[in-house]
Amino acid sequence: MSAVGWLPAPVEELFGPEATAEESYEVLTVDVPSASWTSALRTARDELGCTYFDWLSAVDEPGTGFRVAAHVAALAPVRRLLLRTTVPHESAVLESAITVYAGAAWHERETHEMFGVTFEGHPALDHLLLPETFEGHPLRKDFVLAARVAKAWPGAKEPGESEHGGPKRRQMLPPGVPDPNEWGPLKGQLPPAPGPPGARSGPSGGRAPGTRRGSRRRRRGASGTTHPVRVGRLGEPGRGGDRYGDSSDGDSSGGGRPHGDPAPPFPQREPGLGEPAGGYGTGTHDTCTQYGRSDRHGRHPPLGRPVAPRPPGLRRRTGPGRSTRRHPRRRPRTPRTPTRTPRTGQPTRRPAVNDVLDVTLRLLVVFVVFLTFPLLIGQTEHKVMAHMQGRLGPMYAGGFHGWAQLVADGVKFAQKEDVVPAGADRRIFQLAPAVALLPYLLVLLAIPIGPSEGAVGEVIDAGVFFVLAVMGVGVLGALMAGWASANKFSLLGGLRTAAQLLAYELPMLLAAASVAMAAGTVSLPGILDAFEWWWLPWQIVGAIVFFVAGLAELQRPPFDMPVADSEIIFGAYTEYTGLRFALFLLAEYAGIVVLCGLTTVLFLGGWHGPWGEDGLGWVWTLLKTALLAFVVIWLRVTYPRLREDQLQKLSWTLLVPLALAQIALTGVVKVVIE
């Protein structure tokens with residue numbers, strides 16, 4: 001038999017007599033029996049040069065078994081190979097591939113958890129993504145989803161409860177489950193599903209077509225009978241304006257009250273000092289005291305309330321000849337507040353043009369430096385991850401190792417269509433990317449780069465509190481995006497983001513407080529002025545706690561549960577496209593710069609270097625920030641994603657106690673030194 005694809009020899013000679021090969025979706029696919037699984041992988045690695053292991057997974061095929069597949073590749077030249085084998089459902093056991101590819105350990109744990117395939121020889125087939133108490137394997141065809149169980153309509157009541165909707169309540173069905181009223185033994189026997197609150201049955205909301213909604217209300221008279229009352233706008237004749245007022249002729253055209261139907265009694269009170277016995281407002285022109293009538297200035301009282309009577313002791317003109325026109329209030333000719341004059345000997349100072357230019361230049365320099373840094377970190381992440389994982393990426397943009405790939409990505413995002421889901425809250429959906437990015441840009445203004453005054457955008461006395469408070473606002477962007485997207489995966493991502501607040505806020509604040517205690521100030525330049533190199537050994541624990549909590553705030557691996565692509569697609573950002581999605585990515589990399597810069601300033605001395613002049617302090621700040629950014633990228637490649645409960649356990653059982661111990665140690669050191 002001839003060789004298939006790029007195989008150097010027939011497949012039977014390489015993988016055994018029972019092996020078969022074919023080209024499937026432009027990928028060379030080889031099927032081998034389960035007994036020769038590891039030997040086939042070893043052949044692919046040693047004889048075919050497939051040293052790169054990509055992934056391993058399985059598919060549940062009813063009537064056949066579990067089809068386990070492993071994707072490997074050779075890098076020079078690039079050749080891909082898909083190895084497959086099948087194990088039966090009743091005995092889903094396969095030899096582990098970690099003796100050939102060590103990277104298969106994580107994939108075998110996931111496959112065991114999702115499909116129930118046991119890999120013999122694996123050191124720890126423990127739970128990876130699901131809780132420890134979870135039973136079953138979700139990706140098997142015989143697994144019954146909990147969502148398939150019919151649930152009650154929200155807000156409905158059980159039959160037998162007071163005011164329940166009917167003898168049998170319709171139930172909410174998940175997507176993919178047929179309606180029992182349209183298919184099955186109960187077809188046509190169930191009542192219609194309840195509509196939204198306030199909805200009426202029929203095409204016109206319960207009224208006959210072409211008829212006007214009834215505008216009469218029933219009012220009970222003195223004898224217990226009911227009479228229709230026309231309700232209109234207040235103060236409008238003929239439309240119920242005198243709803244409770246008197247009508248001279250008693251017909252229903254003026255006040256809407258039929259003959260013989262007495263008006264409701266007016267609430268009386270005792271007359272005050274100097275007040276007539278009938279009270280103010282009983283004269284001919286005092287119609288403002290009647291229900292529903294306007295006062296002499298045209299103002300309408302609240303519905304069903306009389307206008308408040310004039311307080312006792314005030315005099316006014318009465319009678320038909322009094323003036324009812326309201327005179328306009330004259331403004332005083334002189335200003336109400338006198339013009340402030342400077343004190344004697346105190347010169348007046350106006351902001352000079354040079355001061356404005358100086359502040360503008362400093363802000364521009366800070367923005368240029370720290371907005372260029374996120375782009376460099378993004379490009380570095382692409383290259384570092386590719387080298388660490390032994391994979392190839394696009395290397396054409398720019399010519400030399402794809403240096404302009406990030407620029408090409410930005411142009412691509414700018415050309416994409418900006419889509420807003422039909423059911424989304426449009427304003428909040430469009431505002432969320434700016435809310436996610438702007439807090440980090442504000443924090444960049446408070447981080448000192450060098451020792452000179454122009455090396456910081458703005459010196460803030462309570463700088464530590466300012467940067468921690470403003471960084472916490474950036475989380476609202478993800479919450480707004482998740483809530484406004486009208487997508488269940490986006491909502492779950494937003495809720496996960498809110499849950500992570502409980503894990504990282506407290507340890508991050510406690511770790512920063514230990515440095516502020518050591519320096520005796522909460523100003524970032526003040527902390528750097530008080531920094532000593534011998535702080536490093538006993539502040540290293542606080543630095544680690546601060547850095548790990550910051551990774552959880554930025555949703556960076558291994559704490560990227562809110563954007564877990566294998567579970568909730570891309571979390572709160574699932575519905576975003578184009579430049580708005582690019583703004584979220586820029587906010588993530590700007591957050592990396594902020595976190596690394598703050599860690600440098602608080603714990604690593606900022607512009608202080610082991611040698612060199614203070615004029616080159618900004619170089620040390622940028623070098624330390626870049627080194628910590630490399631650690632952030634390294635952690636993404638190294639550690640798998642945790643679960644939400646694992647993050648909470650890590651925070652409250654390890655990070656918070658360590659931060660409290662760091663504060664106690666700082667207090668002891670301060671007491672000993674003083």
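Tabulated data for the structure shown
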{"read-out": "Residue order, fewest to most beta carbons within 10 Å, for Leu598, Leu658, Leu444", "value": "Leu658, Leu444, Leu598"}
{"read-out": "Whole-Hz ³J(HN,Hα) from phi, Karplus 6.51 cos²θ - 1.76 cosθ + 1.60, for segment 109-123, glycine and proline x", "value": "5, 5, 5, 5, 6, 8, 10, x, 7, 8, 9, 5, x, 6, x"}
{"read-out": "Chain lengthening between Trp652 and Met385 when straightened (0.36 nm per residue, less Cα-Cα)", "value": "93.0 nm"}
{"read-out": "Amide hydrogen neighbours beyond the local backbone of Val4, cut-off 5 Å, H modeled", "value": "Val11"}
{"read-out": "Neighbour-count order for Glu22, Glu120, Glu674, fewest beta carbons within 10 angstrom listed first", "value": "Glu674, Glu120, Glu22"}
{"read-out": "Rg [Å, one decimal], Dmax [Å, integer] - segment 355-673, C-alpha atoms", "value": "20.0, 65"}
{"read-out": "Label-point gap, in nm, between Leu75 and Ala499 - each point 7 angstrom along Cα→Cβ", "value": "3.7"}
{"read-out": "Cα pair count fraction exceeding 24 Å, expressed as % - segment 400-512", "value": "48"}
{"read-out": "Modelled FRET efficiency - R0 30 Å, Leu660 with Asp358, Cβ distances, 0.05 increments", "value": "0.10"}
{"read-out": "Ranked by how many other beta carbons lie within 10 Å on average, peptides 72-83, 426-437 from highest", "value": "426-437, 72-83"}
{"read-out": "Which of Glu135, Glu47 has the fewest Cβ neighbours within 10 Å, and the rest in rising order", "value": "Glu135, Glu47"}
{"read-out": "Relative contact order, percent, segment 355-673 [alpha-carbon distance under 8 Å, six or more residues apart]", "value": "25"}
{"read-out": "Stretchable slack from Asp418 to Ala124, in nm (0.36 nm times residue separation minus alpha-carbon distance)", "value": "101.3 nm"}
{"read-out": "Convex hull per residue volume in Å³, alpha carbons only, for segment 11-120", "value": "99"}
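All of the numbers you see were taken from the coordinates with simple rules; none came from a lab. All of these numbers come straight from a predicted model, not from anything done at the bench. So basically every Cβ, Gly included, is an ideal-geometry build from the backbone, and we count neighbours across all protein chains shown.
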